[in-house]
Each structure stands twice: as C-alpha cells, then as structure tokens.
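Worksheet: the structure to be examined is printed underneath.
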Amino acid sequence: MASEYDVIIVGGGNAAWCAALAARESGARTLVLECAPQGERGGNSRFSAGAMRVAYNGVDELARLMPDLTDEDKAITDFGAYPQDQFYDDLCRVTQYRTNPRLAETLVGRSFDTMMWMRTKGIRFAPIYGRQAFKIDGRFKFWGGLTVEAWGGGPGLIDALYSTGARNGIEVWYGARACALVHDDGGIRGVVVRNRGITAAVNAKAVVLASGGFEASAEARARYLGPGWDLAKVRGTRFNTGDGIRMALEIGAMPYGNWSGCHAVGWDRNAPEFGDLAVGDGFQKHSYPFGIMVNARGRRFVDEGADFRNYTYAKYGRAILEQAGQFAWQVFDRKVTHLLRDEYRIKGMTRVSADTLEELAAKLEDVDAPGFLEEVHGYNAAIDTGRPFSPNIKDGRCTRGLAPEKSNWANPIDTPPFEAYAVTCGITFTFGGLRIDDDAAVINTDGLPLRGLYAAGELVGGIFYFNYPGGTGLMSGAVFGRIAGAAAGRFARGGT
Ligand SMILES: Cc1cc2nc3c(=O)[nH]c(=O)nc-3n(C[C@H](O)[C@H](O)[C@H](O)COP(=O)(O)OP(=O)(O)OC[C@H]3O[C@@H](n4cnc5c(N)ncnc54)[C@H](O)[C@@H]3O)c2cc1C
C-alpha cells in the first residue's frame, strides 16, 4: 500500500469527487479512499434527491446549465430567478445570521460557475418539476429558490462522478478506511489506511478530507448534539462516523461551527436504523405544511406553515425528537392529499386512514384520542378562511389564537377520507466541523493553515447553524470540493 500520490481524497461522495476532479485537472496523481464497499459507495450524496440550490438570473442562464430544456419546457414553466443576493439572504435568515459571511459568499457566488464546471465533467442537470413546482392555470411555477437537480437524483449524480473520475484516471480504493493523518512539522505526509484488514500509511503531498459529518455515530450524536440524539434514525449512509473531523482535530485543527446542531427531518417512524439505498429519501415526509402534526398528547407543537417546506423541514426533525416517545403523526384530509409528495406513496410506510375523525383518532398508535379530537376541533375553528388557499405562495391563510399558530396553508381538517403518517426524527447530517480558509485549507487552533490539509462538504463547520436551506448540502460540497481539490493539486505540484 505504500504508494506515493500527489493528492489523497478521503471520502467518496459529491464533495470528494468534485475535489478529486479539480485536483486531477492540475495534473495531480489522485487517489480516492472510499471506506464503503463498492455497492454502498457515494455517501449521503447518493441517498440525496440530487437537488442543488444555485443562484441564477433567469431562464437564459438555466438554459446554459440545462441545454436539454426545450422551448416547450420554457413555454409551460415560470422558472423565475434566484439572484445571488436572495440566496445569500435565505442562507443568513435560516441560520439566524450566524453563517460565516465569507464562506456564505463563496458558496453563493461560486454556485452557478461550479455547476457549469460540473457540466464540463459530464454531470447533467434537470428542472425539479416533481417536487418544487406546482401547476397553476396550466403553467408550472417554481417556488422556494430550488429549481435544479442532478440528472437521476443522488444515484445519478454519484454514478456520473465515478464514471467521469475513471475516465480522468483517478484511482479509487473501496473498503479503504482512513484512520489517521501522517504529519510532521513540515505538514501533511499521508494517510494511515485500513484496507482489507491491513493497516498501513499511504504517502501523499496533500490530503482533502471529504468524509462527511458524525451523524452515523450514536455515540458522537449523544456527545455533541445532546441527550436523545442517540435515538434518532440515520437517513443516509452508515459510514459517516466523523473520522475526518476526528483525524484533523487529533493533529491540531480548530473545531468550528454549530457542533450541537444538525439537519434532521420527519422520517417514517418504522424506518430502519440507517438509510436504505433501495428507498433513498422515500422515508421522509415533507408535506406537513398542508396538514397538521400532533404528538402523543394529540397536540400540535410546531407552526407547520411557518415558511415554505424547504426552509423548515431541516429543523422540524429536532422538534419531533423532543416530543414524548420521539414521534408525531402528520394528519391530512382529502382536500390536500393530491398535493402530497411522491414519498407519501412508497410501499411499507406507517400510514392509517379513516372516514371519520373519531375512527382516525382510534387508529393513531400511542396518541391520546380525546386530546387529538379536541386539538383538531380547536384548530378547525381557529382558521381565518377569508384568504384563499394557494400552495405556491405563502398564502397567509392562518389560524388565530392558537399556540403554536399555523401561519400559512391552514385548512380545516374536515373532509374524509382522512390520512395520517407516523414520523420520528431522521438525522441527515451534522453542522459542526472544521474551520477552513479561502483555499479550503484546514485551519489549526493557532489560526494558521495546516500545510497540505484541505476539507470540503459536510465536515466543514461555520456554514449552517440551526437550520438549512434545502439543496445547499450538495452545492456546498461541490463549491468547496472544487476549491479544495484545486488548492491541494497546486500545493502538491509545488505551488502554494
Ligand atoms: C436522504 C437524504 C436526502 C438528501 N437530499 C439532499 C438534496 O436533495 N440536496 C442536497 O443538497 N442535499 C441533500 N442531502 C444532504 C447531502 O446528501 C449532503 O449534504 C451531501 O451529500 C454531503 O456530501 P459529502 O460529500 O460531504 O458527504 P457524503 O456524500 O456523505 O460522502 C462522505 C463519504 O466519506 C466516506 N467516508 C466516511 N468516513 C471515511 C473514512 N474514514 N475513510 C474513507 N471514507 C470515509 C463515506 O463512505 C462517503 O463516501 C440529503 C441527505 C440525505 C441523507
């Protein structure tokens, strides 16, 4: 195993591959270490829907990104625009103005250009008609700043990245777990790798850490996120146990960002412990803005309509975890069931239906039925029905006098059949991690770059706090992966 590489990339997801391709562009001999076996390669990126939040100024720019857009697509769709300042504002707003402004500016400012670069690497994109657009008066209208997805979703993105990596002569070792960084006062010298039962050092002039957060470690979740987090289900890969962060901290890297924060959503109560690649993100249940969520007492506990789904879903997993028994039921009536996302139609989910509210109450496992009925009647009576319901805009159709209120999309739950879905907390990824500079070099506790060490993706701290605008994880991995790989390549080839 003791070969010599210019750049070693630790991880095999989107951030890792963007780093590998950028390093290779500079001529660096590049090795990707993926600790998963080949059949499970690709990290959380593969589990994702492939949605990517990108700043664009209108349909003409989107057409550059997606040359497959037809004139008919353009005629039947209002793509709107998502300018950089809006993306930046959204990121600042949902992170309660904690996001590091420099990292945020880079992420937003390089988003379009990075996706264009990915195109040159053979990655294709398409509009997210299925999830981010509703049809009004015969035209699709996109909402929530999220318009583009990778062709074939997360699995399509990962297949394309591995294929393009192979075409570019990038070596991959599967089942190869990075255990430690080799370094001395001169900087990084390589990585200690455990591969098929053998542990040995592999030399490299530079290393990019892109091995995800610590969401798949129950121990680390309880330690950093707090009590109860060991009980969360993991939405994605079982391989992101925080190794990259730990290895960097061991050699003096600075911890940074929201270590007690994470992205976590409502996820089928009976989903397995880790993600299932055959189901992908199908266990999520993201249409709660059109209904209500109740806990074991039958009571509502969040404003389901506080904002568009993609500005609240990442923090409501925590709210569910905090309820007794760590579960909730999402309840809908017939007026809105046609709006439920595809994931409400997968096989094997925890769902009940009934023709009366009383019958439904009896079927909601572990819920206090009288409490639930009282809650629904109170909710129905509190709705200001003067405003029309409209799923594409924040319609202001709200409740009055409840705690918590529902701020938008409030409809009485009164039209059978009624449907309910049981959810628990599914953790997606953790927010705390390593501090990087403008070159994505890892910063040490003295505030100086660790020579030859770079980082990208989930394990970078300082971007997300409390919450997250949907589609930004892949974008962050791509932007900082490309920067990290290019800088690592330059460094390894004798530049600085
Ligand atoms: C169900 C689901 C849906 C999602 N949907 C979206 C979406 O639509 N849009 C979006 O932007 N984000 C989405 N996300 C979040 C997104 O997946 C992540 O933010 C993003 O993929 C992180 O990329 P990454 O490359 O940093 O990490 P990952 O893709 O998780 O890659 C980490 C890699 O490191 C490897 N690894 C870990 N430890 C080691 C080690 N010691 N040695 C070697 N390799 C190691 C892992 O095997 C893996 O290959 C979703 C996540 C999930 C779970």
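Remarks
- Checking each residue in segment 462-475 for being near the ligand (Cβ under 7 Å from one of its atoms) and farther than 17 Å from Gly12 by Cβ picks out Gly470, Gly471, Thr472, Met475.
- Against the conditions (1) away from the ligand (no atom under 12 Å from the Cβ); (2) among the aliphatic types (A, V, I, L, M); (3) crowded, with 24+ Cβ neighbours inside 10 Å, Ala264 satisfies every one except (1).
- Qualifying residues in segment 209-219 (those that are aliphatic (A, V, I, L, M) and in contact (Cβ under 8 Å) with a residue 40 or more places away in the chain) - the one farthest from Ile9 (Cα to Cα): Ala216
- Any chance Arg400 is charged (D, E, K, R) and surrounded by fewer than 15 Cβ atoms within 10 Å (Cβ to Cβ): yes
- Enumeration of residues in segment 230-254 that are among the charged types (D, E, K, R) and touching a Phe, Trp or Tyr at 6+ places or on another chain (Cβ under 7 Å): Lys233, Arg235, Arg238
- Only one of Phe418, Phe431, Phe466, Phe491 that is in contact with a helix residue (DSSP H, G or I) (Cβ under 7 Å, 6 or more places away or on another chain) and surrounded by 24 or more Cβ atoms within 10 Å (Cβ to Cβ): Phe418
- Those residues of segment 224-237 which are more than 8 Å from the ligand (Cβ to nearest atom), in contact (Cβ under 8 Å) with a residue 40 or more places away in the chain and of a type in the set (D, E, K, R), in sequence order: Lys233
- Unmet criterion (only one of (1) part of a strand (DSSP E or B); (2) farther than 21 Å from Ala28 by Cβ) for Leu181: (2)
- Qualifying residue in segment 337-345 (condition: touching a strand residue (DSSP E or B) at 6+ places or on another chain (Cβ under 7 Å), within 25 Å of Asn408 (Cα to Cα) and of a type in the set (Val, Ile, Thr)): yes
- Lone qualifier among Ala20, Ala16, Ala49, Ala75 - being at pLDDT below 95, within 13 Å of the ligand (Cβ to nearest atom) and not polar (S, T, N, Q): Ala49
- Condition check for His183 on (1) more than 22 Å from Leu434 (Cβ to Cβ); (2) more than 14 Å from the ligand (Cβ to nearest atom): one failure, at (1).
- Cβ-Cβ contacts under 8 Å between residues 6 or more apart (or on different chains), taken from a first residue in segment 399-413 that is of a type in the set (Phe, Trp, Tyr) to a second residue that is surrounded by 22 or more Cβ atoms within 10 Å (Cβ to Cβ), are listed as Trp409/Pro289; Trp409/Phe290; Trp409/Glu304; Trp409/Gly305.
- Subset of segment 74-93 [in contact with a strand residue (DSSP E or B) (Cβ under 7 Å, 6 or more places away or on another chain) and under 18 Å from Gly109 (Cβ atoms)]: Ala81, Tyr82
- Unique residue being among the hydrophobic types (A, V, I, L, M, F, W, C) and within 15 Å of the ligand (Cβ to nearest atom) when the list is Ala487, Ala403, Ala422, Ala455: Ala455
- Identity of the residue in segment 36-45, surrounded by 24 or more Cβ atoms within 10 Å (Cβ to Cβ) and more than 11 Å from the chain's Cα centre (by Cα), that ends up nearest to the ligand (Cβ to nearest atom): Gly43
Quick grid of which residues meet (1) free of Cβ contacts under 8 Å to residues at least 40 places away in the same chain; (2) on the phi < 0 side of the Ramachandran plot; (3) within 18 Å of the chain's Cα centre (by Cα):
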position: Ala20; (1), (2), (3): no, yes, no
position: Tyr56; (1), (2), (3): no, yes, no
position: Val59; (1), (2), (3): yes, yes, no
position: Lys74; (1), (2), (3): yes, yes, no
position: Asp85; (1), (2), (3): yes, yes, no
position: Asp90; (1), (2), (3): no, yes, yes
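- Count - residues of segment 241-282 that are at pLDDT 95 or above, in a loop (DSSP other than H, G, I, E, B) and in contact with a strand residue (DSSP E or B) (Cβ under 9 Å, 6 or more places away or on another chain): 15
- Pair list, Cβ under 9 Å, 6 or more apart: segment 118-136 residue under 14 Å from Phe79 (Cβ atoms), other residue modelled with pLDDT under 75: Pro127/Ala133; Gln132/Trp143; Gln132/Gly144; Ala133/Trp143; Phe134/Trp143
The values are calculated or read from the model by the stated rules, or taken from the named source; none is laboratory data. Not measured: the values here are computed from a predicted model. Reconstructed Cβ throughout: ideal geometry from the backbone, glycine too, with neighbour counts over all protein chains shown.
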